[in-house]
Amino acid sequence: MSCNPLRVGGVSSVNRIISDFTYIGSGVALTLKLLGGSVLIGLILGTVFAVTRYCGICKTLVRCIVSVIRGTPIVLQLSIVYFIIPQVFGYKLDVISTGIIAFGFNSAAYVSEILRAGIESLPKGQFEAAQSLSIPRFYMWRDIILPQVLMNIFPALINEVVTLLKETALISTIGGMDIMRRSQIIAAERYEYFIPLCTAAGVYYILVLTIEYIGRKVEERKIAC
């Protein structure tokens, strides 16, 4: 009984695409770990940078740190953390820790600028009212200033998260088995780049749409409240 070669080839192609999508998609776990850790560091450290700079605490130092981070390529920062820190301190970081530190500090520089713009956009009366009521500075920032700022800059923060997600693809340069690295492995094995890279692009696009959807829902809920 003869087989239809087109049908067999079609089934083989479909199976290969499914197999590729599964293999490349399994890199999402590493990508999300990098994204989650980096967002956490970026938000916390970015807030510290923005508040201390606005209050005039170590203003020059913070400005220099932010300027250097924003003025150098992220791939260079990733390489410094992965290759130079072990030579200086004698402790080698794993790929995930390296990525979280490098991407987190990079994000902190941009988040600090977003927060600084948001703080400066608030009416000065907010600060004057808090001071006239003798509210301690810590509680003023925690309960009055930062909640308003975060509400105003929320769309910009979502854009930063999306940008950070795409930047995590650079972890493949130091061997991280993320989405991008897995697509490169398949492409190198088959000498066929179109399908693996398009598959990786599709996975990233799905993640971006998911982040944007969550961001819209959170924003709508805050507006409704």
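The values are calculated or read from the model by the stated rules, or taken from the named source; none is laboratory data. For clarity, every value in this text was computed on a predicted model and none was experimentally measured. All Cβ positions, glycine included, derive from the backbone under ideal geometry; neighbour counts span all protein chains shown. Accessible surface is based on the protein model in full, side chains and every heavy atom, while ligands, DNA and RNA are left aside. Shrake-Rupley method; radii C 1.70, N 1.55, O 1.52, S 1.80 Å.
Using a probe of 1.4 Å on the protein chains alone, the accessible area found for D94 is around 90 Å². Cross-link reach is defined here as a Cα-Cα straight distance under 28 Å, omitting same-chain residues fewer than 8 places apart; for K217 the lysines meeting it are K33, K166. In whole angstrom, note down how far apart the Cα centers of segment 181-225 and segment 111-172 are. Here the answer is 27 Å between Cα centres.
Short-range pairs are left out: with C-alpha atoms under 8 Å and at least six residues apart, the relative contact order of the chain is 29 percent. Full extension of the chain between V208 and I96 gives 38.2 nm of extra length, using 0.36 nm per residue less the Cα-Cα distance.
Give the calculated FRET efficiency between C55 and V75 to the nearest 0.05, with a Förster radius of 25 Å applied to their Cβ-Cβ distance. Intermediate values should be presented prior to the final figure.
Values: r = 33 Å, r/R0 = 1.33.
Approximately 0.15, to the nearest 0.05.
Which of rounded, prolate, oblate describes segment 99-151, given a ≥ b ≥ c as roots of the alpha-carbon gyration tensor eigenvalues and a/c under 1.5 marking rounded, otherwise prolate only if a/b is larger than b/c? Prolate is the answer for segment 99-151, as a/c is 1.5 or above and a/b outweighs b/c. Under 27 Å of direct C-alpha separation, and excluding same-chain neighbours fewer than eight residues apart, K59 reaches these lysines: K124.
Counted residue by residue at 0.36 nm each, then reduced by the alpha carbon distance between them, the extension gain from V218 to F21 reaches 67.9 nm. Computed about its Cα centre, the charge dipole of segment 99-225 is approximately 200 debye, with only Lys, Arg, Asp and Glu carrying charge at their Cβ. The orientation-averaged shadow of the Cα convex hull for the chain, equal to a quarter of the hull surface, comes to 17.8 nm². Full extension of the segment from Q87 to S134, taken as 0.36 nm per residue of separation minus the current Cα-Cα distance, would add 12.0 nm.
Taking S67, S38, S134 as the candidate residues, the one with maximal mean-square fluctuation in a Gaussian network model of the chain, Cα springs under 10 Å, is S134. For the chain, which DSSP H helices look membrane-span-like by this rule: Cα extent along the axis of 27 Å or more and mean Kyte-Doolittle of at least 0.0? Span-like helices here: 5-25, 28-55, 95-121, 146-167, 194-224. Rounded to the nearest 20, the Cβ-based charge dipole of the chain about its Cα centre (Lys and Arg +1, Asp and Glu -1) stands at 180 debye. Among the chymotrypsin sites (Phe, Trp or Tyr not before Pro) within segment 166-225, those in coil by DSSP and having at most 10 neighbouring Cβ atoms inside 10 Å are Y191. Here the Gaussian network model covers the chain, with springs between Cα atoms less than 10 Å apart; of V111, V14, V149, V14 fluctuates the most. Rolling a 1.4 angstrom probe over segment 82-199 with all protein chains present gives an accessible area of which 62% lies on carbon and sulfur atoms.
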